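Take a look at the following structure, please.
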Amino acid sequence: MELLIIASILSVTTLAIPFPKDLQPISTAGPEDSCLFPSFQGLVSDNDTQHLGLDFQHMIRINRMLYIAARDHVFAVNLSASVNQIVPQQRLTWKSKDVAKCTVRGKNTDECYNYIKVLVPRNDETLFACGTNAFNPTCRNYRLSSLEQVGAELVGQARCPFESRQANVGIFASGHFYSATMSDFQASDAVIYRSLGGEGSPVLRSVKYDSKWLREPRFLHAIEYSSYVYFFFSEIAVEYTTLGKVVYSRVARVCKNDSGGSARVLERYWTSFLKARLNCSVPGDSFFYFDVLQSVSSIIQINQRPAVVGVFTTQMNSIPGSAVCGFYMDEIERVFQGRFKEQKGTDSAWSSVPEEQVPTPRPGSCAGDGSASAFSSSAQFPDSMLSFIKAHPLMDESVSSINDQPFLTQTTSSYKLTQIVVDTVAGPYNNRTVIFLGSEDGHVLKVLMSSDPNLSYSTTMLEDIHVYNPSSCTGDRRVLGLELDKEHHALFVAFSSCIIRVPLSRCAKHGNCKSRCLYSRDPYCIWLRTGSCADISPGFKAGFEQDIDGEQPQLSDICNVDVISEEERPNSEIDSAFG
């Protein structure tokens, strides 16, 4: 009887709050399109490449060059010359000399290469690179113009992981290198680390082997914003252990002017480290959470406010699903000014710390600012404050997503989303936001995002692009990286074995069918007065038509094309992003 009552309650709840349905694409690009996309597989004449493939690790666009970090190599691609093919203009080869030592330590030969895991600009002239170097991490500086090495090698420990499968992030901010990775051979010491600041600037790190600070994290992104450096990652939730190892998504921050603690407490450790949970969930009487962060954008503007957008998935042992959520930076800051979380006993539940028990200056403050304005250095902070922050790095409240709900969810698909990149200035008037989402099965979804709750139109999936091509790539179909090249109307999609250049739109396939062109709702497509559908060119703002918001009535002339019916139209109430 009790089970029947519970089932009835759940049934009523389900009826009262409908779960958002998956968006359906207005159009698709199949394998017949992907076979035309230019690709790059590395040095096909190289024996190692023939055996192992490209082994993509990271890519970054700097000015008009795309730098691709792989195994033993960094390739520099001139974007202006890569419209019809991807041919590196320059190549950096950096092979390990420690392969013999690596195999002696019991590692497989395929692991004993130099996987380039860090590739970031140090300044306008220098590129900073670190590689696993056969389980002996090493860093170098290179000239951006020529890829020639500058200066001597540096120890890569705590700046670069020991093996290629470990996630890591790195960023230069205010002259320091901030890294987050595993800092030991056994991969047991996760660290957020600051170094390379020059003489007089202490090297700082997170507290070692303290699960309250970091517990099996997977680092994903780092950004500089205001007085802080932010880190985005997922980790085992130390505050939620009743059901085993549950993964939560986090955002953490440290002050850029942090100098470490006193000689008694937190010396050479962060005094400003705070972290909070990112809440990406479908609201209702019972929330449905997407807990595992997979990828996050850099800071963009949403509703005239700085924000980030991330891809989240469900727990490993949960119903498969993905969601896209956005977070305002000022909302993140508000949470960091809120209550702290604590566990008073090893077996007791976690609770918020009463405000009267929080010392002054407020833990997590930057020296010389706010409640810590009287202190010129964090080393001068009282021991009571340092002891508190060491034991209480976790905030009680989680960061709510924009509009308290995902921009979109995917729960009926057999694959999960893995990567995200955002174009906030899409369309002829630079006023549309389009997000590109990579997936586990080699597809890229192009989505027109709506973030303003006052607008009538909803988030719309414009296109499902089949990118992975077995004739160009081998092995894993998981999308590992996305990089936009707006100037040349391209999206670079990275797989382990190859890089694919995908046009941002396929407007020409609509030909001289006005109905189909307008119905695509694609900000990158315009209907010209000359009677054709074309890709938007930079600066082109006159003599065209668009129907991005779906405001025009469905045209009677469909030009004998196969399009989704009005009942299936993604901007209808049935298939909106939420509701």
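Hey, among Val296, Val292, which residue is among the aliphatic types (A, V, I, L, M), in contact with a Gly (Cβ under 7 Å, 6 or more places away or on another chain) and surrounded by 13 or more Cβ atoms within 10 Å (Cβ to Cβ)?
Val296
While we're on this one: So Val493 clears everything in (1) on the phi < 0 side of the Ramachandran plot; (2) in a loop (DSSP other than H, G, I, E, B) except one condition, right? Which one?
Going through (1) on the phi < 0 side of the Ramachandran plot; (2) in a loop (DSSP other than H, G, I, E, B) one by one, Val493 breaks only (2).
Being surrounded by fewer than 15 Cβ atoms within 10 Å (Cβ to Cβ) and farther than 29 Å from Gln419 by Cβ is the filter here, so list the residues in the range 151-185 that pass it.
Gly151, Ala152, Glu153, Val155, Gly175
Could you list, ordered by first residue, the pairs with Cβ atoms under 8 Å in which the first is in the range 151-172 and touching a residue at least 40 places away in the same chain (Cβ under 8 Å) and the second is assigned to a loop (DSSP other than H, G, I, E, B) and of a type in the set (Lys, Arg), at least 6 apart or interchain?
Gly170/Arg159; Phe172/Arg122
Starting from the range 334-362, take each residue that is touching a residue at least 40 places away in the same chain (Cβ under 8 Å) and list its partners that are outside any strand (DSSP E or B) and of a type outside the set (D, E, K, R), counting only C-beta distances under 6 angstrom and pairs at least six apart or across chains.
As it stands, the answer is Phe340/Val353; Phe340/His392; Glu342/Val353; Glu342/His392, since those pairs meet every condition given.
Next question. Taking Ala508 as the residue in question, decide whether it is over 30 Å from Gly42 (Cβ atoms), in a loop (DSSP other than H, G, I, E, B), aliphatic (A, V, I, L, M) and over 20 Å from the mean Cα position of the chain (by Cα).
When the stated conditions are applied, Ala508 does not pass them.
Now a separate question. Taking Asp285 as the residue in question, decide whether it is under 21 Å from the mean Cα position of the chain (by Cα), at negative phi and of a type outside the set (A, V, I, L, M).
So Asp285 fails the test.
I've got another one for you. Given the condition closer than 21 Å to His392 by Cβ, out of contact with any Leu (no Cβ under 8 Å at 6 or more places or on another chain) and of a type in the set (A, V, I, L, M), answer yes or no: does some residue in the range 323-335 qualify?
yes
Please list, ordered by first then second residue, the pairs with beta carbon atoms under 9 Å, 6 or more apart or interchain, first in the range 108-137 and of a type in the set (Asp, Glu), second surrounded by 23 or more Cβ atoms within 10 Å (Cβ to Cβ) and in a strand (DSSP E or B).
none
Test Ala222 against the stated conditions and say whether it is small (Gly, Ala, Ser), in contact with a Leu (Cβ under 7 Å, 6 or more places away or on another chain) and closer than 26 Å to Lys117 by Cβ.
Here the answer is no, as Ala222 does not meet what is asked.
Under 25 Å from the mean Cα position of the chain (by Cα), among the acidic types (Asp, Glu) and crowded, with 17+ Cβ neighbours inside 10 Å - does that describe any residue in the range 31-53?
No: the range 31-53 contains no residue that is under 25 Å from the mean Cα position of the chain (by Cα), among the acidic types (Asp, Glu) and crowded, with 17+ Cβ neighbours inside 10 Å.
Anything in the range 234-255 that is within 23 Å of Ser322 (Cβ to Cβ), part of a loop (DSSP other than H, G, I, E, B) and within 27 Å of the chain's Cα centre (by Cα)? List them, or say none.
Ala237, Tyr240, Gly244, Lys245, Val246
Name the single residue, out of those in the range 186-207 being at negative phi and modelled with pLDDT under 95, that is surrounded by the fewest Cβ atoms within 10 Å (Cβ to Cβ).
Per the criteria, the residue is Glu199.
Which ones in the range 179-201 are assigned to a loop (DSSP other than H, G, I, E, B), touching a residue at least 12 places away in the same chain (Cβ under 8 Å) and of a type outside the set (Asp, Glu)?
Result: Ser183, Phe185, Ala187, Ser188, Leu196, Gly197, Gly198, Ser201.
Within the range 235-247, is even one residue buried (at least 23 other Cβ atoms within 10 Å of the Cβ), small (Gly, Ala, Ser) and either closer than 21 Å to Tyr328 by Cβ or in contact with a Phe, Trp or Tyr (Cβ under 9 Å, 6 or more places away or on another chain) (or both)?
no
Another question, then. Inside the range 309-328, can you point out the residues that are over 15 Å from Val282 (Cα atoms) and touching a helix residue (DSSP H, G or I) at 6+ places or on another chain (Cβ under 7 Å)?
Tyr328
Let me ask another. For the range 393-411, enumerate the residues that are in a strand (DSSP E or B), of a type outside the set (Ser, Thr, Tyr) and within 30 Å of Val207 (Cβ to Cβ).
Listed by number, the residues that qualify are Leu394, Met395, Val399.
Taking Ala76 as the residue in question, decide whether it is at pLDDT 90 or above, in contact with a His (Cβ under 9 Å, 6 or more places away or on another chain) and aliphatic (A, V, I, L, M).
So Ala76 fails the test.
In the set Ser373, Ser387, Ser439, which member is of a type in the set (Gly, Ala, Ser), surrounded by fewer than 16 Cβ atoms within 10 Å (Cβ to Cβ) and at pLDDT 95 or above?
Within the list Ser373, Ser387, Ser439, the selection yields Ser373.
Quick check on the range 256-269: of everything there that is part of a loop (DSSP other than H, G, I, E, B) and out of contact with any Ser or Thr (no Cβ under 6 Å at 6 or more places or on another chain), which residue is surrounded by the most Cβ atoms within 10 Å (Cβ to Cβ)?
Looking at residues that are part of a loop (DSSP other than H, G, I, E, B) and out of contact with any Ser or Thr (no Cβ under 6 Å at 6 or more places or on another chain), I get Leu266.
The values are calculated or read from the model by the stated rules, or taken from the named source; none is laboratory data. Predicted model, so just to flag it, every value in this text is computed and none were measured. Note that each Cβ is placed from the backbone with ideal geometry, even for glycine, and that neighbours are counted across all protein chains shown.
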